[in-house]
1. Scan the stretch 297-329 for residues that are of a type in the set (Asp, Glu), surrounded by fewer than 22 Cβ atoms within 10 Å (Cβ to Cβ) and either in a helix (DSSP H, G or I) or assigned by TED's automatic domain parsing to the domain that holds Ala49 (or both) and jot them down.
2. Just one of Val488, Val497 is part of a strand (DSSP E or B), in the same structural domain as Phe382 (by TED's automatic domain parsing), of a type outside the set (D, E, K, R) and closer than 26 Å to Gly74 by Cα; which is it?
3. Taking the stretch 180-229 only, how many residues are over 18 Å from Leu13 (Cβ atoms) and under 34 Å from the mean Cα position of the chain (by Cα)?
4. Of Gly370, Gly374, Gly353, Gly347, which residue is under 19 Å from Leu293 (Cα atoms) and either free of Cβ contacts under 8 Å to residues at least 12 places away in the same chain or in a loop (DSSP other than H, G, I, E, B) (or both)?
5. In the same structural domain as Val233 (by TED's automatic domain parsing), under 32 Å from the mean Cα position of the chain (by Cα), farther than 30 Å from Pro217 by Cβ and among the hydrophobic types (A, V, I, L, M, F, W, C): which single residue out of Ile170, Ile150 fits that description?
6. Suppose we filter the stretch 259-289 for residues that are in contact (Cβ under 8 Å) with a residue 60 or more places away in the chain and closer than 30 Å to Gly345 by Cβ; how many remain?
7. Considering only residues that are in a loop (DSSP other than H, G, I, E, B) and in contact (Cβ under 8 Å) with a residue 12 or more places away in the chain, look in the stretch 183-212 and name the one that is surrounded by the most Cβ atoms within 10 Å (Cβ to Cβ).
8. Which pairs turn up if I take residues in the stretch 132-149 that are surrounded by fewer than 16 Cβ atoms within 10 Å (Cβ to Cβ) and modelled with pLDDT under 95 and look for partners that are assigned to a loop (DSSP other than H, G, I, E, B) and among the hydrophobic types (A, V, I, L, M, F, W, C) with beta carbon separation below 9 Å, at least 6 apart in sequence or on another chain?
Amino acid sequence: MAKKYIIVSGGVLSGIGKGVTSASIGRLLKELGIKVNSLKIDPYLNVDAGTMNPNQHGEVFVTEDGYEADLDLGHYERFLGIEMKKFNNMTAGQVYKYVIEKEREGKYLGATVQMVPHVTQRIKERIEEIETDVLLIEIGGTVGDIEGEIFLEAVRELSFEKGRDNFMFIHVTFVPYLNITNEFKTKPTQQSVQLLRRIGIQPDMILVRTEKEIDLPSLEKIALFGGVPLQYVVNVPDLSNIYEVPELLYEKDIHSLICKKLNISVPQKIESINWKCPRIFKNLKIAMISKYLGTDDAYKSIIESIFLSGANKPEIVNAEELEEMKEETLGIFLSKYQGIIIPGGFGKRAIEGKIKAIKYARENKIPILGICLGMQLMVVEFARNVMGYKNANSTEFDESTPYPVIDLMEEQKRLLNLGGTMRLGAQKIEILPNTKLFDIYGRQVETYERHRHRYEVNYHEFNNMFETPEENENKLTISAKTDFVEAVELKNHPFFVGIQYHPEFKSKVGNPHPIFVKFIEEVEKIK
């Protein structure tokens, strides 16, 4: 079978679910026995997402091979159940950097370097690097954005070169509902399709995103003015659970429409999709003590890991507000929660609020999970309030602290460039027996987990704070290690677990990371 391409573009609004839609389509094709992979195109000039503010762009998703990507790669991993790699993401920054460097090296043989053909050629080369039967290509942003036009031109050229029969263009658009006139307004979608046509792309399918089910006359109008057969205009209304999207698309027979358009002979038929997503969510009160409050996407993979473990969304709590609370007020505020999560992050802001929450959870036996920075702050809190190291801190926040229990990794001290210089991606770690973590991992002694950090526990100077699992001195127990401390826990606590790595990036539909599963189990026990 010739390689097939599905191009997913967006119209009218950004953030309408292109990533979830693309991932859901990919899952359906995978259920049919088709080999599928994905490419997310981000038109921004950043080389990767590593230095981007989570409040503006959402979380940075880290792949197994250590690439810092847009959060949509997380959707692809969770839905498709396969590991994304560096080649699954392309940014404008990468493309332009490549072309400029090649020009400086004289590789274009004196030619005037232009957007067409040189930039488009590089985009097409990157697309062709991914070997698969069906490649899903999601183009970020919306049609009409200046920065995205060159990518649309590139896929238009590629469809001409590879044969239009091997390409399917799916346009995901938003149709608003006007309450004052009690009608859906299709004009923005019509104009979005017109923009695509001006580029030279005629969509083969239009996925209509709405807040509620749309009426048939509106779909007929979109089909008429969009030049798309009515059966290929499909409504995807809002759902309470994004993991219901593959089943909705299956019910609308989208997989059959796609296979028909691309002339794909289906290896196997499916009566229903093997989709083990949670249906009922436990109503647990979990606080995520956070500093990035602009969007839930800042902690997307953690939230989805909680969902996939069968619990409802944790409540985002402003860590800065906790800083201002007196101890009594803080206790009253946090007492309504059954569990606490301290997520990762960078920078000094709101650190003291997180440390206050850790102290409360430790003293009141509330299940608490610290991830990356969260784990480091658990060490800082223990140093201050149990070991008596007044003003203990991380050198990230206080370079002159008398007790630098968290310090910059040695190899990082020689680096000035912030982009892509952290410990990144999967690292083999040793799980120590006789610990909670050992039981969580099914008593396995080795595993691979993804990292994204510059600072680590300063074990060599402060090893008196820690004990091995065999000891019993009421200190922090080291439960996982490499050449540095990977995880700590407390023995006399129902769930006081801090981990340097990011387990949230490995949760999949039907297979959430066991750390989150165990955390939810312990939270349920708190009345």
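The values are calculated or read from the model by the stated rules, or taken from the named source; none is laboratory data. This one's a predicted model, so the numbers in the text were calculated from it and none came from an experiment. Please note: Cβ atoms are built from the backbone with ideal geometry, for glycine as well, and neighbour counts cover all protein chains shown.
1. Just the residues of the stretch 297-329 that are of a type in the set (Asp, Glu), to begin with: 297, 304, 315, 320-321, 323-324, 327-328.
With surrounded by fewer than 22 Cβ atoms within 10 Å (Cβ to Cβ) added as a condition, the list becomes 297, 315, 320-321, 323-324, 327-328.
Selection gives Asp297, Glu320, Glu321, Glu323, Glu324, Glu327, Glu328.
2. The match here is Val497.
3. Of the stretch 180-229, the ones over 18 Å from Leu13 (Cβ atoms) are 180-183, 197-202, 204-205, 213, 215-217, 219-221, 223-225, 227-229.
Add one more test, that the residue is under 34 Å from the mean Cα position of the chain (by Cα), and what stays is 197-202, 204-205, 213, 215, 219, 223, 228.
Qualifying residue count, the stretch 180-229: 13.
4. Working: Gly370 fails: either free of Cβ contacts under 8 Å to residues at least 12 places away in the same chain or in a loop (DSSP other than H, G, I, E, B) (or both); Gly374 fails: either free of Cβ contacts under 8 Å to residues at least 12 places away in the same chain or in a loop (DSSP other than H, G, I, E, B) (or both); Gly353 fails: either free of Cβ contacts under 8 Å to residues at least 12 places away in the same chain or in a loop (DSSP other than H, G, I, E, B) (or both).
The match here is Gly347.
5. Only one candidate qualifies: Ile150.
6. 6
7. Here the answer is Pro203.
8. If the second residue must be assigned to a loop (DSSP other than H, G, I, E, B) and among the hydrophobic types (A, V, I, L, M, F, W, C), the pairs left are Glu147/Leu45.
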